[in-house]
Amino acid sequence: MGLSNDRIRFNVGGRIFETTATTLANAGRGSFFGALFDENWNLSQPEDLFIDRNPDCFAVLLDLLRTGDLNIPPNIPERLLHKEAMFYGLIDHLRTAKWGPFDGNRLHLSRSVTGIAPGDGTAIRAGPDGGCCVAHGSVVHVFDWMLEEHPTINLDYQRVNDVGWIDSGNIVLSACERLGRGDGGMGLFSSSSGELRYKFQVSHDNQIKSYSAGALSFSPDSKIFTSCKGRSNEYGIGVWDQITGKQLDFFYESPGWSLGDADKLQWLSGKNCLLVATLFPRKDNCYISLLDFRDKNMVWSWSDIGFLATAEEKRVRDAIAMEESNSICVVNEFEDLGFIDMRMDGGGSSVRWSSRSRLMKSKMPDEPCYPKLALHEGQLFSSMNDSISVFCGSDWVLTSRLKRSYGGSICDFSIGGDRLFALHSEENVFDVWETLPPPII
Amino acid sequence: MSNQKKRNFQIEAFKHRVVVDPKYADKTWQILERAIHQIYNQDASGLSFEELYRNAYNMVLHKFGEKLYTGFIATMTSHLKEKSKLIEAAQGGSFLEEINKKWNEHNKALEMIRDILMYMDRTYIESTKKTHVHPMGLNLWRDNVVHFTKIHTRLLNTLLDLVQKERTGEVIDRGLMRNVIKMFMDLGESVYQEDFEKPFLDASSEFYKVESQEFIESCDCGDYLKKAEKRLTEEIERVAHYLDAKSEEKITSVVEKEMIANHMQRLVHMENSGLVNMLLNDKYDDLGRMYNLFRRVTNGLVTVRDVMTSHLREMGKQLVTDPEKSKDPVEFVQRLLDERDKYDKIISTAFGNDKTFQNALNSSFEYFINLNARSPEFISLFVDDKLRKGLKGIADVDVEVILDKVMMLFRYLQEKDVFEKYYKQHLAKRLLSGKTVSDEAERSLIVKLKTECGYQFTSKLEGMFTDMKTSEDTMRGFYGSHPELSEGPTLIVQVLTTGSWPTQPAVPCNLPAEVSVLCEKFRSYYLGTHTGRRLSWQTNMGTADIKAIFGKGQKHELNVSTFQMCVLMLFNNSDRLSYKEIEQATEIPAADLKRCLQSLACVKGKNVIKKEPMSKDIGEEDSFVVNDKFTSKFYKVKIGTVVAQKETEPEKQETRQRVEEDRKPQIEAAIVRIMKSRKILDHNNIIAEVTKQLQPRFLANPTEIKKRIESLIERDFLERDSTDRKLYRYLA
C-alpha cells in the first residue's frame, strides 16, 4: 500500500492493482472505497491493501471508475460481476454505464429471456429502473434490471388482467374475481419479495363488494385508476390512493356507454383527465372517452357506432392520447394508424386514417396478435405480428423497425427505465431492447 | 433375503443445501462485535475496515442478515446504556458537556458501524424494510440516553435553567447550548418538538406572564413597549444562536401573547402615557413601537385604530362645535388643516403609512367636519382669504400644497353643493373687485374641483373667467370705436352672463350724469355688436376711483364702490346734504345706503365726509358735510364698504334656502333617471339609490326625497302601485 502522491496499491485476490485515490473517489461516500478512505478508519498499513475478491471483476469495475464505461470481457459472467459490484457498492454505477438514454431509433437487442410459463403472456410492463414484470395467466413473473427473476406474484391465482409499476419496489396487479369468494380484484405487491402489501377494496353504499379489475393507470399525484366490473351494476372506473390504499372515488358508467370493460386507461396530466378506451371485441363497438373526476364529467367521447357499415375492416384495436398534438392515435388490426382530434366533439368526428396501409392482409400469420401502441418522448411505437415500428416527427414517419426472427407475434410491449420489452406469443420469450451508451467522442 | 433387505433400504434424499457451519456465523459475529466495542472505546486504530466489511458481507450473503442486524442493535444498546450511566454521574455544569461529548462519540462510532454494515444496509435492510443503520443508531440514542429516566428531565431542566439565566442577564455557553439542541434536531423533528421545544415554550410563557405583570404595574406605556420590544429581539436572537429556525415563529408568538395581547387594552388606555397621550404629544418613536408590536397580535391594530379614531372624533367634534373657535373662519380651517397635518405625519412616520389608519383618519374628519353646517362656507372663505392676500410671496409649489390640502377638506364635505354656492359668491367678489392675487392659483383650484366633482360642478365657475376675459376685449373694442372718450371719466364694464354668476337682484340707483352718459354709450355699442341681448346694470357690485380735493388742497384718489361714488358726486354741487336728500337723489335702497354712508363717515381715518350729529349709526335725520380736514398719509385711499365678511344670520338662511331650492331639481332628476331604468321600485330602495347617486354633491334628506316623489306623482311622472302602496311605477 503506497500512499505517496495519492497512489494506492491493492492486492485483490492475489493480483496487484495500482490506482489513485482520485479515481476511487468516483465511487462516492456510500461505497466500499468511500468508507475505506474515510478518516474514521486508520489506513496506515505498510503493505498492499488486501481485498479478498475476484481480481478479474475488480479490473472491470476499476475501469468503470476510471472511464465511466463498462466493458465486460466474455470470460466474466454477468451475474458474477453484478455480485462483485454489489460488494463494492458500485451497482448503481454499473447500472448507469450499462445502457444509454432511450432512443427508439438506436435500439439494440440486448437479451432475450425465455420463461417457463405454460400459456400465452397477457402483458409485459417495464419498471422505472429497467426491470419488468410479465403476466402469464394468473401469475406475474418479476425481473429486476439485472434480469434476475424474483418470486412470482399472484392474487389468489385469479386471471391477471393488467399489471403496473408504482415505483421500482411496488407492483399493482389487477385480476378477475372469483364469484362469491371475494378473491381477485386489485393488490399491491413488493417487487423484490413478491409479498402482498394490501388489497384495494371497492365499496358501494358503504358495502365492500368483490369486483374484477381491468386496465390500470397511475397519476403523478399517487392515484390508481382501474376499470371495474362488480356483481350487480357496479361498472365503472375506481380510484384509489397509492399510499393509503383507500378508495377515493368511483365513476359509474352511464347507460349505453362502456367504462367497466375498458381495455386501456391513460392518465393525461395536462388535461387532468383519464382516457378510457373499451375496444372491440370486448364489446361490439369501440368507446373512447375522457373523464374529469373533479366534477364527474365525461368531457369528451367517441364511438364507432354507426361508422362500421362502410369501413368494416377499420376496427380500432388500441388507442393512445397524444396531449401535445391534442389527438388520440388509434390503430386497426392491419396496423393502419388513425387519428382523432380531441378538440372537436368526438360524437361527430371520424377517424382520420393514414394512407400508410402496408397491405399486410395477404400474409397474416396463423396466430395474429392485436397491434399495440406506445408513446415515449415524442416517438410513437406500434407492434404488429413479429415487429415493432417506430414513428417520429409531426407526420409520424416510419423510422425504425424492431424485429427478431423467433418467438412468433408480439402480443405486448412496454417502454420504461430506458428499455423496451417485447413479449412474444410463442415460446414464452421476451426481448430486451436498449440504447447503447453514448459514443466515445 | 438379501435382495429383500436391499429393497427395504431407504434411500436418503440428496442434500442440496450446503449448510454453513453454524459456528461460522457466531465466530464472524464475535469479530464484528469486538470491533464495535473497540470503536466505542475509542480503540479503533488497529481495526481493518476491509476485514470487517468482508465479514459483515459474508454474514448477509450466507443469510445471517437478521443475526447481524439484531446483534448490532443489542451491542449498540448495551454501549449506550453504559454511556447514559456515565452521563448521569456527571455533576453540575459538566452534565451538558458530558452529554455533548458522548453524543459526538456516538455519532462517530455510528458512522463507522454504518460503514462496516454498508452491505447489510443496502441489501438485507432494503428488502426487509427494516430501519436503516444510521436512523436506528439515532433511535437507540434517543431511547437509551435522551429518554433515560435519570437524564430526561434533568437534561430538560438544565437547558431551561440556562435559558432562564440568559434571560436574567447572565452569560451562558451558547456554543454548548447549540450543540446539545442540535442533537435534539438531529434526532428528528418530533424529538426536538416534544422533548425540548414544547416545554421550552411553556416555560417561556410562564416567565413572560410573570414579567409582563411586573412591568405593567411599574412602567408607563412607552417604557413597557420598549421592554417588550427588547424581549422580542432577544428571543429572535436566541433562536438564531441555538434553536431551530422553525421555533422563531412559535416563541415570538408566546412573547406577543403574554406581553402584548394579554395587556393590550390596559396599555392603550394607560393614563397619562397611553395612546391618546402619545398622539397629543407627537411621540413618534413610541407610536411606531406600539404599531410594530401591536401589528403582531390579532386585533392589535384594530385596538390602536379604534382608540385613535374615537380620540380624533372627540377632538374634532370639540374643534368644530366650539363657538369660540368658529368665529374666525380662516383660523377655523387652518386648525383643521393643522390637525390633519399632525395626524398625517403620525401615520407616515409611526404607522408605516398603513392604509387602514389613513382610512380611519379620513372617516373621522368626514364625521366631524360635517357636524358644523358652516364648514362648507368656512372652507370657501379660507380659500377666499388665501387667494385674496394670503398667497403673496409664496412659491407656486407651496400654493399647490395649500390648495391640495384644502381639497382634502373639501372631499370630506357632504354638502358639496353648499360649498359651490359660497365658492361662486366669493369668486365673483374676487373677480369683480379685481382682488385675486393669482390667476394661476384660481384656475388650478378650479381644475382640482373639476377632477374631483366633474365638469358640471365647475362649468359656471369657468364661465365667470370667460366673462372676465371677454369683457376686457369688449372694453378695448368700445374705446377703439369711441376715441373721443379718452378725455373724461373712464368706464370699465364687465359683462356678466346671467346664470353663471351668483344672482343678486339688480339694485337700481341714479348714476351721476357724467357716468350715465357713458353707460348709455356703452349700451348702444354693446347691443350694436351683439344682437338679442339685454344689459342690466349691477350697480351694487361696481367700484370707482375718483379724485377728490379737500379743504386745504389735499389731493387724494379715493377707491370707492359705485354707491359711494354716487353719494360723493353729490357733494360736488352742495356742501351739506341730509340723509333724505341723498336718498332721493341716488335712489339707493336704504340698507345699502346706510352701509355706504357709514363707511364714508364713520370709519376712522377714512371719513371723507362728516356726519352730524356724530355717532356710530346712520339715522334718517342725519346730515352730511365734506370733511375738509381729511388727511391720509397715502395718496390713494381705499374706502371699504362695511360688509360682514361672514354671512349674517338672515343671509345664511337665504343661502341655505337657495341651496335647498337648487337641490330640488337635482333630486327630481335623480329619481326620474333611476325610475326610468328600473320601472318599478319600492320606497326604501329608491331613497337608497337617490342618496347614493347624489352623494358626490350632497347628502339628500329622505324627507325631501319623499316630497319630490310626491311632487313627481302629482305631475304624472310616477304612480303608486295599485296593490302595493310602497311600490312606485314609472310612467313613460
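The values are calculated or read from the model by the stated rules, or taken from the named source; none is laboratory data. Since this is a predicted model, take the numbers as computed values, not measurements. All Cβ positions, glycine included, derive from the backbone under ideal geometry; neighbour counts span all protein chains shown. Accessible surface is based on the protein model in full, side chains and every heavy atom, while ligands, DNA and RNA are left aside. Shrake-Rupley method; radii C 1.70, N 1.55, O 1.52, S 1.80 Å.
Using only protein heavy atoms and a 1.4 Å probe, report how much of B:Asp575 is accessible, in Å² to the nearest 10.
Here the residue's solvent-accessible area equals roughly 120 Å².
In a GNM of chain A with a 10 Å cut-off on Cα contacts, which of A:Ser193, A:Ser425, A:Ser409 has the highest mean-square fluctuation?
Per the Cα network of chain A with a 10 Å cutoff, A:Ser193 tops the list.
So how do B:His482, B:His132 rank on accessible area, 1.4 Å probe, biggest first, that is with the largest at the start? Don't skip to the answer; put the middle values down first.
Numbers: B:His482 40, B:His132 65 Å².
Result, largest first: B:His132, B:His482.
Please turn the phi angles of the stretch A:162-167 into ³J(HN,Hα) values with the Karplus equation 6.51 cos²θ - 1.76 cosθ + 1.60 (θ = phi - 60°), one per residue in order, whole Hz, x for glycine and proline.
7, 9, x, 9, 7, 8
Considering only chain B, what is the antiparallel percent among its DSSP beta bridges, to the nearest 5? Let's see the in-between values first.
Numbers: 20 of 23 bridges.
Taking every DSSP beta bridge within chain B, about 85 percent pair in antiparallel fashion.
Roughly speaking, what is the centre-to-centre gap between the stretch A:280-304 and the stretch A:233-264 when only Cα atoms are used, to the nearest Å?
A separation of 12 Å, based on Cα centres.
Just checking the output field for B:42-49: average partner chain Cβ neighbours within 10 Å of each residue's Cβ? Write out the running numbers ahead of the final one.
Details: counts 0, 0, 3, 3, 1, 3, 7, 10.
That works out to 3 on average.
On a 0 to 90° scale, report how tilted helix B:513-529 is relative to the longest principal axis of chain B, with both axes built from alpha carbons and the result rounded to the nearest 10.
Roughly 60 degrees, rounded to the nearest 10.
What's the local net charge at B:Ser247, with K and R +1, D and E -1, over the other residues with C-beta under 12 Å away? Write out the running numbers ahead of the final one.
Working: positive: B:Lys198, B:Arg238, B:Lys246, B:Lys250; negative: B:Glu189, B:Glu197, B:Glu235, B:Asp244, B:Glu248, B:Glu249.
Summing Lys/Arg as +1 and Asp/Glu as -1 gives -2.
With everything on Cα atoms, drop me the angle between helix B:702-714 and the longest principal axis of chain B, reported from 0 to 90° to the nearest 10.
60 degrees
Could you please tell me the mean projected area of the C-alpha convex hull for the protein assembly as shown, averaged over all directions and given in square nanometres to one decimal? Intermediate values should be presented prior to the final figure.
Working: hull surface 351.7 nm².
Averaging across all directions leaves 87.9 nm² for the Cα convex hull.
List the pairs from B:Lys435/B:Lys629; B:Lys424/B:Lys594; B:Lys81/B:Lys182 whose alpha-carbon separation is above 23 Å, in the order I gave them.
Working: B:Lys435/B:Lys629 30 Å; B:Lys424/B:Lys594 26 Å; B:Lys81/B:Lys182 21 Å.
Table pairs above 23 Å Cα-Cα are B:Lys435/B:Lys629; B:Lys424/B:Lys594.
Anything in chain A that counts as a DSSP H helix reaching 20 Å or more along its axis (C-alpha) with Kyte-Doolittle mean of at least 1.0? List them, would you? Working shown, then result.
Details: long enough: none.
Membrane-span-like by this rule: not one helix.
Whose amide H sits under 5 Å from the amide H of B:Asn627, counting only residues 5 or more places off or on another chain, with H placed in the peptide plane?
Hits under the 5 Å cutoff: B:Ile609, B:Lys610.
Once phi is turned into θ = phi - 60°, what whole-Hz ³J(HN,Hα) does the Karplus curve with 6.51, -1.76 and 1.60 give for every residue of the stretch B:406-415, x standing for Gly and Pro?
Result, ordered by residue: 4, 4, 4, 5, 4, 4, 6, 5, 7, 9 Hz.
Report the one residue of B:Pro135, B:Met59, A:Ser217 whose Cα lies farthest in the direction of the positive end of the charge dipole of the protein assembly as shown (charges on C-beta: Lys and Arg +1, Asp and Glu -1; origin at the Cα centre).
My answer, from the dipole projection, is A:Ser217.
With point charges of +1 on the Cβ of Lys and Arg and -1 on the Cβ of Asp and Glu, referenced to the Cα centre of the stretch B:490-555, which listed residue (B:Tyr525, B:Ile549, B:Gln538) lies farthest in the positive direction of the dipole?
Result: B:Ile549.
Would you check the accessible area of B:Cys453, probe 1.4 Å, heavy atoms only, in square angstrom rounded to 10?
Accessible area of B:Cys453: about 40 Å².
Assign unit charges at the C-beta atoms only (+1 for Lys and Arg, -1 for Asp and Glu), then state the dipole size of chain A relative to its Cα centre in Debye, rounded to the nearest 20. Don't skip to the end; give the middle numbers.
Numbers: 43 positive and 58 negative charges, 98 e Å.
The dipole of chain A has a size of about 480 debye.
Roughly how crowded by other chains is peptide B:50-59, in terms of the mean Cβ count from those chains within 10 Å of each of its Cβ atoms? Let's see the in-between values first.
Values: counts 12, 3, 2, 8, 6, 0, 0, 5, 1, 0.
Mean partner-chain Cβ count within 10 Å for B:50-59: 4.
Can you compute 3J(HN,Hα) from phi for each residue in the stretch A:409-419, using the Karplus curve 6.51 cos²θ - 1.76 cosθ + 1.60 with θ = phi - 60°, rounded to whole Hz and x for Gly and Pro?
Each residue's phi maps through the Karplus curve to give 5, 8, 8, 7, 8, 7, 10, x, x, 6, 9 Hz.
So how strong a dipole does the protein assembly as shown carry about its Cα centre when Lys and Arg Cβ are +1 and Asp and Glu Cβ are -1, to the nearest 20 debye?
Values: 156 positive and 169 negative charges, 411 e Å.
The calculated dipole for the protein assembly as shown is roughly 1980 debye.
When the Cα centres of the stretch A:376-441 and the stretch A:67-122 are compared, how far apart do they sit, in Å?
17 Å
Cα centroid distance between the stretch B:690-732 and the stretch B:348-381, in Å?
Cα centres, the stretch B:690-732 to the stretch B:348-381: 32 Å.
Taking Cα pairs under 8 Å and at least six residues apart, what relative contact order does chain B come out at, in percent? All intermediate terms of the calculation are to be shown ahead of the outcome.
Numbers: 730 pairs, mean separation 44.9, N = 732.
After rounding, I find 6 percent.
Dipole size in debye (nearest 20) for the stretch A:66-118 around its Cα centre, Lys and Arg Cβ +1, Asp and Glu Cβ -1?
On the way: 7 positive and 5 negative charges, 13 e Å.
Result for the stretch A:66-118 is approximately 60 debye, rounded to the nearest 20.
When a/c is below 1.5 the answer is rounded, else prolate if a/b is larger than b/c, else oblate, so apply that to the stretch A:179-243 with a ≥ b ≥ c taken from the square roots of the Cα gyration tensor eigenvalues. Walk me through the numbers before you get to the answer.
On the way: a/c = 2.01, a/b = 1.34, b/c = 1.50.
Oblate, because a/c is 1.5 or more while a/b does not exceed b/c.
Under a 5 Å amide H to amide H cut-off, with H placed in plane at 1.01 Å, what residues pair with B:Leu413 once short-range neighbours are removed?
none
Could you point to the residue in B:Asn179, A:Met298, A:Trp240 farthest towards the positive end of the protein assembly as shown's charge dipole, with +1 and -1 charges on the Cβ of Lys/Arg and Asp/Glu respectively?
Result: A:Met298, furthest along the dipole toward the positive end.
First check a/c for chain A, with a ≥ b ≥ c the square roots of the eigenvalues of its C-alpha gyration tensor; if it is under 1.5, answer rounded, and if not, answer prolate when a/b is larger than b/c or oblate otherwise.
Numbers: a/c = 2.36, a/b = 1.80, b/c = 1.31.
Note, shape of chain A comes out prolate.
Compute the acute angle (0 to 90°) between the alpha-carbon long axis of helix B:94-116 and the principal axis of greatest extent of the alpha-carbon atoms of chain B; round to the nearest 10°.
Taking Cα atoms only, the helix is inclined about 70 degrees.
Pick from A:Ala123, A:Ala262, A:Ala27: which residue has the top mean-square fluctuation in a GNM of chain A where Cα pairs under 10 Å get a spring?
In the Gaussian network model the winner is A:Ala27.
Residue by residue through A:86-96, how many Cβ atoms from other chains fall within 10 Å of the Cβ on average? Write out the running numbers ahead of the final one.
On the way: counts 5, 6, 3, 5, 0, 2, 1, 0, 0, 0, 0.
Mean shielding count: 2.
First check a/c for the stretch B:309-407, with a ≥ b ≥ c the square roots of the eigenvalues of its C-alpha gyration tensor; if it is under 1.5, answer rounded, and if not, answer prolate when a/b is larger than b/c or oblate otherwise.
Working: a/c = 2.38, a/b = 1.19, b/c = 1.99.
Oblate, because a/c is 1.5 or more while a/b does not exceed b/c.
Given the rule -39500 (n - 2.57) for each run of at least 4 DSSP H residues, summed and divided by the residues of chain B, what is its mean residue ellipticity at 222 nm, to the nearest 500 deg cm²/dmol? Walk me through the intermediate numbers first.
Numbers: 31 runs with 458 residues, N = 732.
For chain B, the value works out to -20500 deg cm²/dmol.
Among the listed pairs B:Lys102/B:Lys198; B:Lys63/B:Lys130; B:Lys616/B:Lys638, give every one whose C-alpha distance is greater than 22 Å. Walk me through the numbers before you get to the answer.
Details: B:Lys102/B:Lys198 25 Å; B:Lys63/B:Lys130 15 Å; B:Lys616/B:Lys638 20 Å.
Those over the limit are B:Lys102/B:Lys198.
Could you order peptides A:370-376, A:251-257, A:71-77 by the average number of other Cβ atoms within 10 Å of their residues, highest first? Walk me through the numbers on the way to the answer.
Numbers: A:370-376: 20.3, A:251-257: 14.7, A:71-77: 10.6.
Ranked by mean Cβ neighbours within 10 Å, highest first: A:370-376, A:251-257, A:71-77.
Checking the table B:Lys604/B:Lys636; B:Lys325/B:Lys460; B:Lys230/B:Lys257; B:Lys421/B:Lys706; B:Lys429/B:Lys460 against a 26 Å threshold on Cα-Cα, which pairs fail? Don't skip to the answer; put the middle values down first.
Working: B:Lys604/B:Lys636 16 Å; B:Lys325/B:Lys460 33 Å; B:Lys230/B:Lys257 15 Å; B:Lys421/B:Lys706 24 Å; B:Lys429/B:Lys460 15 Å.
Correct reply: B:Lys325/B:Lys460.
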